[in-house]
1. So, residue 60, is that one in contact with a Lys or Arg (Cβ under 8 Å, 6 or more places away or on another chain) and within 14 Å of residue 174 (Cα to Cα) or not?
2. So, residue 159, is that one under 18 Å from residue 114 (Cα atoms) and of a type in the set (D, E, K, R) or not?
3. Only one of 170, 197, 161 is among the charged types (D, E, K, R) and free of Cβ contacts under 8 Å to residues at least 40 places away in the same chain; which?
4. Out of (1) touching a helix residue (DSSP H, G or I) at 6+ places or on another chain (Cβ under 9 Å); (2) within 24 Å of residue 26 (Cβ to Cβ), what's the single condition that is false for residue 127?
5. Condition first: basic (Lys, Arg) and touching a residue at least 40 places away in the same chain (Cβ under 8 Å). Can you find one or more residues in region 69-77 that meet it?
6. If you go through region 1-25 one residue at a time, how many are assigned to a loop (DSSP other than H, G, I, E, B), over 19 Å from the mean Cα position of the chain (by Cα) and polar (S, T, N, Q)?
7. Of all residues in region 35-49, how many are hydrophobic (A, V, I, L, M, F, W, C) and surrounded by fewer than 19 Cβ atoms within 10 Å (Cβ to Cβ)?
8. Can you work out which of the residues in region 38-51 that are near the ligand (Cβ under 7 Å from one of its atoms) and not in a loop (DSSP other than H, G, I, E, B) is modelled with the lowest pLDDT?
Amino acid sequence: ESTIHTKWAGTQVAFFEETDSTNNEIRRLAEQGAPHGTLAVAERQLGGKGRRGRVWTSPAGVGIWMSMLLRPQIDPMAASMLTLVMALSTRRGIEKATGLKSEIKWPNDLVLNKKKICGILTEMSTELMEIQYVIPGTGINVNQMEFPDDIKATATSLRIESGKIQKRSEIIAAIMEAFEGYYDTFIETQDMSGLIEEYNANLVNLGNEVCVLDPAGEYRGVSEGINKEGALLVRLSDGTLKEIISGEVSVRGV
Ligand code: BTN
């Protein structure tokens, strides 16, 4: 096991051989008063949750299935940006631990050679317009050699892309170290202004034609990166700039 050299991020780790979902474990721990920075890690999830109600396949031993407890004192509107902060940290941590340079697919997927290696599902609890806690849950495909039929065209693992078995504990430690720094930067302004440059520099969609689906319809345009609110800026063919708000849309085609 590698040691996590942080002040608070991941200094307390709850480990589960098997659980429904580490997001649920963190919710339970949060309700019992667990501190900011607590991390839940599972070997296997039986009810791994993806975004938009999808299932997240979480087999034993081959992935990083982890969730973090955050207790930020920020506006609930700003909290969804913590998902972007986690995406940035995960990208950096993976690179530091393995040398693999993944790219961010807005808002919070990581891709390697255009295939998905990581997804993040953030859940939160608010009371009287105040944040009680935020739970970014991160799934990383690390040592899988194959994927179920329904996702094998679009998913890959660090092992498949590098040809090497990767150490999960080192990746987790590197993510926690990166997260602590990025989180502080985020909290100073409670927006992405200090992180935009690094986020956009690693964005797979940047300058690409993207197709955005949101409740209001479908847009095609060129991605110009995020703004300080974490919205994706898309230049439509008529020249107007559209702000796509995180969580409302899916971006097709990396
Ligand atoms: C997505 O891309 O749809 C998000 C996937 C998030 C998966 C992680 S695995 C750890 C945590 N626990 C869950 O049930 N989901 C997240």
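1. On the way: in contact with a Lys or Arg (Cβ under 8 Å, 6 or more places away or on another chain): yes; within 14 Å of residue 174 (Cα to Cα): no.
Taking the combined requirement at face value, the residue does not satisfy it.
2. Values: under 18 Å from residue 114 (Cα atoms): yes; of a type in the set (D, E, K, R): yes.
Considered against the rule, which asks whether it is under 18 Å from residue 114 (Cα atoms) and of a type in the set (D, E, K, R), residue 159 comes out as yes.
3. Details: 170 fails: free of Cβ contacts under 8 Å to residues at least 40 places away in the same chain; 161 fails: free of Cβ contacts under 8 Å to residues at least 40 places away in the same chain.
Within the list 170, 197, 161, the selection yields 197.
4. Answer for residue 127: the failing condition is (1).
5. Going through region 69-77, the residues basic (Lys, Arg) turn out to be 71.
From what is left, the residues that are touching a residue at least 40 places away in the same chain (Cβ under 8 Å) are 71.
Yes, some residue in region 69-77 is basic (Lys, Arg) and touching a residue at least 40 places away in the same chain (Cβ under 8 Å).
6. 5
7. We begin by selecting, within region 35-49, every residue hydrophobic (A, V, I, L, M, F, W, C); these are 39-42, 46.
Within this subset, residues satisfying the condition of being surrounded by fewer than 19 Cβ atoms within 10 Å (Cβ to Cβ) are 46.
So the answer is 1.
8. 51
The values are calculated or read from the model by the stated rules, or taken from the named source; none is laboratory data. Only a predicted model underlies this, so the values are computations on that prediction, with no experimental measurement involved. With ideal geometry, Cβ positions are generated from the backbone for all residues, glycine too; neighbour counts draw on all protein chains shown.
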